[in-house]
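The values are calculated or read from the model by the stated rules, or taken from the named source; none is laboratory data. Bear in mind the structure is a predicted one, so any value in this text is a computation, not a measurement. Note: ideal-geometry Cβ built from the backbone for every residue, glycine included; neighbour counts use all protein chains shown. Quick note on the areas: whole protein, heavy atoms, side chains included, nothing else; ligands and nucleic acids left out. Shrake-Rupley method; radii C 1.70, N 1.55, O 1.52, S 1.80 Å.
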Amino acid sequence: MYIDQTDSTNSLMQRLLKGEDQEYASCLKEDIPLIYTTYQTAGRGQMGNCWESEPGKNLLLSYLLREPEVNISEMFLLNVIAAVAAHRTIAEWLSYEQRPMLSIKWPNDIYIGNRKIAGILVENSLCGTKIQHSIAGIGINVNQEQWVSGAPNPVSIKQLTGVKADIDAIVKRFKHKLETNLSWDPVQLLNYYRVHQYRCNGYWPFVEREVSTAPTMNATAGVEGQFMAKIEGFLPTGELLLRDQQGNVRKYHFKQVRYVL
């Protein structure tokens, strides 16, 4: 369902579940309710960050999964489903030469090269030991060409292709990709997520951001705590596994480590 404007598509979906905003309540009749807009006034990103989007230029959507068949200890799979659907969708709007540069940056961003083209925010509601519902919000930079908020390294489909993209057409393809991804088993989803991961090949510099159980290596290249590692994989619980040059496998939660760009 298209919405002219809202504060946040995730917030609107939450209100619909509470019986509010009856004007848009009919979308809940769908098997997978989905709402989207090209203008939101209070878009949210990870860790309380804002999501900048020029009115009318980009795709801002949220979808609802009711009682997803995912163990509460493996909620990260809900992030993977959203990221894989977004990655597969965006790839269709890029040239064959550009597609290999498109990647998923753990945990919830889509990059092309070193530039961010989409972000994902998944919010889950729990009831005891079960996931009551999951709302996934996705922002895709479609036709915007200038950013004013100082957002790091953004890029849009139009900037990459030189052609204005049809946002409604992107929504239709996203819905199709999402529906197919929901039929994939966890191993297939995590494998796609790993194979298309940002900097998935070779050793790259990382820096620990918080105290963790991982061993601390000596400073190198002038950055304290920097170490070289390659992505070993991901756990269904969401942790990133890195193998350093000494052969040690390190496990990190979100925000415990960052890429050195």
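Annotations for the structure displayed:
- When +1 charges are put on Lys and Arg Cβ atoms and -1 charges on Asp and Glu Cβ atoms, the dipole computed for the range 55-118 relative to its Cα centre reaches about 320 debye.
- Candidate lysines for bridging to residue 57, where Cα separation is under 18 Å - those fewer than 8 sequence places away on the same chain excluded: 116, 158, 164, 172
- Spatially proximal aspartates and glutamates relative to residue 255 (Cα-Cα < 12 Å; intrachain offsets below 8 disregarded): 208, 210, 239
- Distance between the range 74-146 and the range 157-200 - C-alpha centres, whole angstrom: 7
- Rolling a 1.4 Å probe across the protein heavy atoms gives the chain an accessible surface of 49 Å² per residue.
- A simple spin-label model places pseudo-atoms 7 Å from Cα toward Cβ; at residue 22 and residue 254 they are separated by 3.5 nm.
- Using the Cβ of residue 154 as centre and a radius below 15 Å, the other residues enclosed give a net charge of +1, where K and R count +1 and D and E count -1.
- Charge tally in the Cβ shell below 15 Å around residue 89, where Lys, Arg are +1 and Asp, Glu are -1, residue 89 excluded: +1
- For the chain, with all protein chains in place and a probe radius of 1.4 Å, 48% of the accessible heavy-atom surface sits on carbon or sulfur.
- Test item: Cα-centred dipole of the chain, Lys/Arg +1 and Asp/Glu -1 on Cβ, debye: 580
- Candidates 63, 36, 192, ranked by Gaussian network fluctuation over the chain, Cα under 10 Å, top entry: 192
- Within the range 80-147: Cβ-based charge dipole about Cα centre, in debye rounded to nearest 20 (Lys, Arg +1; Asp, Glu -1): 160
- Summing charges over all other residues whose Cβ lies under 15 Å from the Cβ of residue 114, with Lys and Arg as +1 and Asp and Glu as -1, gives +4.
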